[in-house]
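A quick write-up on the structure given underneath.
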Amino acid sequence: MIEYPLLLEKFQTLLKENALKFTKQRELVLKFLYENNGHFTPEDIYTLLKEQHPDVNIGIATVYRTLALLETSEIASSISFGVQGKKYELGLKKHHDHLICTKCGSIIEFYDETIEERQEAIAKKFNFQMTDHTMKIIGLCEKCQ
């Protein structure tokens, strides 16, 4: 995975390209995603940042806008939960897919070589140039069954 100083440099360039200022608040959102494994709503990130950095004045709108910018640039990725919103994670991790429990909301990451090979074969069969894919399997986790 990319080292944080390189990621920070990429983020600063991204901000410049979008005529946005580099701020401590925006960096905290980036650093939070980098340092925390898991999937977080913007509200989760906002609450945790307020707890971890009570001296920093950060608004929920800043969290949302920063996440949108990070997602557009593929530094972050999200999983949509419809009306419940999105959960974000660092988008620079090794490719993986997700199992999502509809009862407790837990998200299990997995990678399966057979699934990856089948997707490539299907794309080839239809003469389709696949550039990316997202798989989420919805159901009940072991604990909720």
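The values are calculated or read from the model by the stated rules, or taken from the named source; none is laboratory data. On a predicted model such as this, the values are computed, not experimentally measured, just so you know. Glycine also receives a Cβ, built like all others from the backbone with ideal geometry; neighbour counts cover every protein chain displayed. The accessibility values were calculated without ligands, DNA or RNA, using every heavy atom of the protein model including side chains. Shrake-Rupley method; radii C 1.70, N 1.55, O 1.52, S 1.80 Å.
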Query raised in the report: Among the DSSP beta bridges whose two residues both lie in the chain, what percent are antiparallel, rounded to the nearest 5?
Result: 70 percent
Query raised in the report: Under 20 Å from the Cα of Lys103, which lysines turn up, not counting those fewer than eight places away in the same chain?
Result: Lys86, Lys87, Lys136, Lys143
Query raised in the report: Within a Cβ distance under 13 Å of Leu15, other residues only, what is the Lys/Arg minus Asp/Glu net charge?
Result: +3
Query raised in the report: What value, in deg cm²/dmol to 500, does the helix sum -39500 (n - 2.57) over DSSP H runs of n ≥ 4 give at 222 nm once divided by the residues of the chain?
Result: -13500 deg cm²/dmol
Query raised in the report: Placing +1 at every Lys and Arg Cβ and -1 at every Asp and Glu Cβ, with all other atoms neutral, what dipole size does the range 69-145 have around its Cα centre, in debye to the nearest 20?
Result: 280 debye
Requested in this report: At most 15 other Cβ atoms within 10 Å and a DSSP loop assignment: could you name the GluC sites (Glu not before Pro) in the range 65-115 that fit?
Outcome: Glu74
Query raised in the report: How long is the gain from Asn18 to Ala121 if the chain were fully straight, where each residue apart is worth 0.36 nm and the alpha carbon distance is subtracted?
Result: 33.2 nm
**Report entry** Built amide H within the under 5 Å cut-off of Ser106, gap 5+
**Finding:** Cys101
Query - By accessible area with a 1.4 Å probe, ligands and nucleic acids excluded, highest first: order of Thr131, Thr114, Thr66 - result: Thr131, Thr114, Thr66
Query raised in the report: Can you give the charge dipole size of the chain about its Cα centre, rounded to the nearest 20 debye, using +1 on the beta carbon of Lys and Arg and -1 on the beta carbon of Asp and Glu?
Result: 420 debye
**Report entry** Neighbour net charge for Glu113 - beta-carbon separation under 14 angstrom, K R +1, D E -1
**Finding:** -3
Report summary line: Farthest towards the positive end of the dipole of the chain, among Cys104, Gln84, Met1 and with Cβ unit charges of +1 on Lys and Arg and -1 on Asp and Glu, lies the Cα of Gln84
Query raised in the report: Gain in length, Tyr64 to Lys50, computed as 0.36 nm per residue apart minus the alpha-carbon separation, to one decimal in nm?
Result: 3.6 nm
